[in-house]
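Here's the structure, in C-alpha cells; my notes come after.
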Amino acid sequence: MTTVSAARQPSSATVRVTRPLALGCGVIGFALLTWAGAKASVPLPFTPVPGTLQMLPVLLAGALLGARGGAASQIAYLLMGIAGLPVFALPGAGPAYLLGPTAGYLLGFVAAAYVAGRAIGGRRPAGAARAFLGFVAGSAALHLCGLAWLTVLAGGHLGAAVRAGLQPFLLFDLAKIVLATGVYTAWERWRWTRARTRDDATPR
C-alpha cells in the first residue's frame, strides 16, 4: 500500500515545474482581470477619479497568489498600460498616463495586493474575519497612495484630495471588500475540502 500511495504523489521535479507555471498563469490572469475591472468604469462629475471594479481583483490577487505574486500581477498590469495597451479606466496609455489623477491609485494597486497578501497569507484558510481585515488593510494602502498623489495635484490640500478621492468611494469599496471576503472564503473552503477528500481517497 505504501508503494501505491507514494506512486500517486507528484515528484519534486514536477512540483518545481508546476508551481512557477501556476503562479505565472495566476499573475497574468489577475492582470487581465484588473484590466477588465477598469472597463467597468463609472465616471463621476465631482471627481477626476472614476469608480471601477478594479479593487476586487487587486485584493484577491494578493490573497490567492500571496504578497509577491499579487504585487507582480499588478506590476504586470501597469507594464501593459505603460507599453500602450488600453488597460486603464480613463482614455490614454503610455508612461504619461502615470502623471494623471489616477496615478497614485494605479501604483497603489501594487501596494494593496502586497499588503492584502501579507495580512491574509498562510498555508491554512484565513477565515472570514481575518480575510476581511486583510482586505481592509489592502484598501487602506491603495487609498493612501491615491490620496498622496491627489494631494500633490491639489497643491497640498489634503481635504480636497479626500473629498475627491476617498469620500465618494467608501460605501462602494466596502461592498467590494465584502464581496472579496466571500469569494476568498468560498474558494479556500472548496480548496481545502478538495484536498482532504483527495487525501482520504489515497490508499494507505
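Values in this text are rule-based calculations from the coordinates and carry no lab data. Bear in mind that the values here come from a model prediction, so they are computed numbers and not experimental data. Cβ: placed from backbone, ideal geometry, glycine included. Neighbour counts: every protein chain shown.
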**Request:** Pick out, in residue order, every one of the chymotrypsin sites (Phe, Trp or Tyr not before Pro) in region 17-94 that is DSSP loop and has at most 10 other C-beta atoms within 10 Å; say none if there are none.
**Result:** Phe46
**Request:** Answer with a single label: of [x] 1.18; [y] 1.12; [z] 1.26, which was calculated as Cα Rg over 2.2 N^0.38 Å from the structure in view?
**Result:** [x]
**Prompt:** At what distance in angstrom do the alpha carbon centres of region 30-53 and region 115-155 lie from each other?
**Reply:** 18
**Request:** List every residue whose amide H lies under 5 Å from the amide H of Gly51, counting only residues 5 or more places away in sequence or on a different chain, with H placed 1.01 Å from N in the peptide plane.
**Result:** Val42, Leu44
**Message:** Give me the percent relative contact order of region 60-175, please, defined on Cα pairs under 8 angstrom at least 6 residues apart.
**Reply:** 25
